[in-house]
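Inspection log for the structure reproduced underneath, given as structure tokens.
The values are calculated or read from the model by the stated rules, or taken from the named source; none is laboratory data. Since we're looking at a predicted model, the values are computed, not measured. Please note: Cβ atoms are built from the backbone with ideal geometry, for glycine as well, and neighbour counts cover all protein chains shown. All accessible areas refer to the heavy atoms of the entire protein, side chains included, with ligands and DNA or RNA removed. Shrake-Rupley method; radii C 1.70, N 1.55, O 1.52, S 1.80 Å.
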Amino acid sequence: MIRVQELTKCFENGGQSVLAVNKVSFEVHQGEVFGLLGPNGAGKTTTLRMILGLLQPDSGFAEIHGFRTDRDREAVKRSIGLVSANDGVYPWLTAKELLLFFADLYGVSPQLAHERLDSLVENFGLAPFLNRRCSTLSTGQKQRVLFARGLIHDPPALMLDEPTRGLDVVGTQRVFEYLRFLRDRRKVVIISTHRLDEAERFCDRFGLLFDGDLKYCGPLDELTQLTQKSTLVDMFVSMMSPETPEHETPEHEFEPEVTND
């Protein structure tokens, strides 16, 4: 389980203190996909970095698989696999070398690393390009390598940051299949995405962040009842509208340009 307890973070900006995240709390359970959603500047990235143990909160903590960020940040990092659209692959390593390298970084024994590698090769269809340099792989092949990399140390929790950014329909469908794979193995999953239509298909529950506050948290039907809005887009537009000039369209915050390789 992931438990987030009153995470709070302020930053200094021009001599003034800016509250980026304000006492955010939620839980994610085994076999559940939780969507942490918010427009740019909502505090989403700051929250994710604190959960990962990469950023020290001013107060509060995150707990992953019994390890707390305020007590054992290194154990927290070992308990999470990260899959991000911003991640690349080491071009001069083969896919196999890359996966075994990350297994070693996480302290996985060589024998266990090879056993997990064999399983991941089968599950993600890596065999045809396992011994090719990553620089020669297609976008879809690199995606599958990154999926496997997030699981090479068999963490109880996974965090997916904008996993469909820049992907075509086939790549996006592969993300859906990956999430099904994680659910079947009872992993705890947090996903962050601007694509709210996809989030409605991906996630079991949602946390809606705005101006550093967790405005709503729950399954879609519960949020629909609370907000009287039928979609996540409508919910965010409603939250943002008092702050948004009439000539701007808030939806654009959630629809980055998608390019196909």
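Points worth noting:
- Test for Arg149: is it open to solvent by less than 50 Å² (accessible area, probe 1.4 Å) and of a type in the set (Lys, Arg): yes
- In the range 176-218, counting only strands (runs of 3 or more DSSP E) that sit wholly within it, the ones holding 1 or more residues that are small (Gly, Ala, Ser) and surrounded by fewer than 22 Cβ atoms within 10 Å (Cβ to Cβ) span 213-218.
- Within the range 82-100, considering residues that are surrounded by fewer than 17 Cβ atoms within 10 Å (Cβ to Cβ) and among the polar types (S, T, N, Q), the one nearest to Val175 (Cα to Cα): Ser84
- Met239 being in a helix (DSSP H, G or I), open to solvent by less than 40 Å² (accessible area, probe 1.4 Å) and modelled with pLDDT under 90: yes
- Members of the range 118-176 found to be within 15 Å of the chain's Cα centre (by Cα) and β-branched (Val, Ile, Thr), listed by number: Thr164, Thr172, Val175
- Glu32 being charged (D, E, K, R) and open to solvent by 70 Å² or more (accessible area, probe 1.4 Å): no
- Selection within the range 58-81 - closer than 18 Å to Gly207 by Cβ and open to solvent by 20 Å² or more (accessible area, probe 1.4 Å): Gly60, Phe61, Glu63
- Close contacts from the range 64-86, counting a first residue that is without any contact (Cβ under 8 Å) to a residue 60 or more places away in the chain and assigned to a strand (DSSP E or B) and a second that is aliphatic (A, V, I, L, M) and crowded, with 16+ Cβ neighbours inside 10 Å, with Cβ to Cβ under 6 Å and a gap of 6+ residues or different chains, come to Phe67/Val76.
- Residue in the range 41-58 that is polar (S, T, N, Q) and touching a Lys or Arg at 6+ places or on another chain (Cβ under 6 Å) present: yes
- Residues (among the charged types (D, E, K, R), modelled with pLDDT of 95 or more and either over 12 Å from Glu97 (Cα atoms) or touching a His at 6+ places or on another chain (Cβ under 9 Å) (or both)) located in the range 132-154: Asp154
- Lys9 being free of Cβ contacts under 8 Å to residues at least 60 places away in the same chain and either in a helix (DSSP H, G or I) or on the phi > 0 side of the Ramachandran plot (or both): no
- So Leu48, is it loosely packed, with under 15 Cβ neighbours inside 10 Å, within 25 Å of Arg195 (Cβ to Cβ) and among the aliphatic types (A, V, I, L, M): no
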